[in-house]
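The next block holds one structure in the form of structure tokens; read it before the comments.
The values are calculated or read from the model by the stated rules, or taken from the named source; none is laboratory data. Note that the structure is predicted; figures quoted are calculated from it, not measured. Here Cβ is always computed from backbone atoms with ideal geometry, including for glycine, and neighbour counts include all displayed protein chains. Ligands, DNA and RNA are excluded from the accessible area calculation, which covers all protein heavy atoms including side chains. Shrake-Rupley method; radii C 1.70, N 1.55, O 1.52, S 1.80 Å.
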Amino acid sequence: VQLVESGGGLVQAGGSLRLSCAASGDTFSRYTMGWFRQAPGKEREFVSGVSWIGTKTYTDSVKDRFTISRDNAKNTVYLQLNSLKPEDTAVYYCAAARYYSGTYSIQGMNYWGKGTLVTVSS
């Protein structure tokens with residue numbers, strides 16, 4: 001599975017962005033998809049995920065601000081980022097897992113994109 005993220009950029013605090021992740025190479029609908037991020041000097045962390053059956057999960061810091069969705073017809077997963085804060089600045093990575101265990105871990109994801117940079121200015 002190949003994953004390509006897009007949609008990152010520079011935005012002011014309070015602004016919005018929509019990230020996209022286009023998948024190819026296998027049956028997209030069978031995969032659980034996740035978004036992770038890595039800020040400068042920090043470890044990669046889970047942001048949001050959507051299982052192959054549509055169950056959505058968010059880390060607490062982005063609940064009510066970010067929305068994940070998937071379009072199986074387009075082999076694409078999206079992450080809508082609203083009310084952005086400077087602490088959301090990071091490289092955002094899309095990842096895919098063949099099996100959904102109910103949780104999202106870096107080790108549990110089988111495929112990764114190269115990431116897209118989101119920079120939020122204060």
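Note on the range 35-65: residues that are hydroxyl-bearing (Ser, Thr, Tyr) and either part of a loop (DSSP other than H, G, I, E, B) or in contact with a Leu (Cβ under 8 Å, 6 or more places away or on another chain) (or both) total 4. Can you tell me which residue in the range 22-34 is most open to solvent (accessible area, probe 1.4 Å), limited to those that are assigned to a strand (DSSP E or B) and either over 14 Å from Leu3 (Cα atoms) or among the aliphatic types (A, V, I, L, M) (or both)? Checking each candidate, the answer is Ala22.
One line per residue, one yes/no per condition, for (1) open to solvent by less than 60 Å² (accessible area, probe 1.4 Å); (2) more than 17 Å from Gln107 (Cα to Cα):
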{"residue": "Phe36", "(1), (2)": "yes, no"}
{"residue": "Glu43", "(1), (2)": "no, no"}
{"residue": "Val62", "(1), (2)": "yes, yes"}
{"residue": "Phe66", "(1), (2)": "yes, yes"}
{"residue": "Ala73", "(1), (2)": "no, yes"}
{"residue": "Gln80", "(1), (2)": "yes, yes"}
{"residue": "Lys85", "(1), (2)": "no, yes"}
{"residue": "Thr89", "(1), (2)": "yes, yes"}
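Note on the range 76-102: residues that are in a loop (DSSP other than H, G, I, E, B) and over 14 Å from the mean Cα position of the chain (by Cα) total 8. Being assigned to a loop (DSSP other than H, G, I, E, B) and out of contact with any Leu (no Cβ under 7 Å at 6 or more places or on another chain) is the filter here, so list the residues in the range 103-117 that pass it. Of everything in the range 103-117, those that are assigned to a loop (DSSP other than H, G, I, E, B) and out of contact with any Leu (no Cβ under 7 Å at 6 or more places or on another chain) turn out to be Thr103, Tyr104, Ser105, Ile106, Gln107, Gly108, Met109, Asn110, Lys114, Gly115.
Applying a threshold of 8 Å to beta carbon distances and a minimum spacing of six or more residues, or different chains, the list of pairs starting in the range 36-59 at a residue that is at negative phi and ending at one that is open to solvent by 90 Å² or more (accessible area, probe 1.4 Å) reads Ala39/Glu87; Ser48/Lys56; Gly49/Lys56; Val50/Lys56; Trp52/Arg30.
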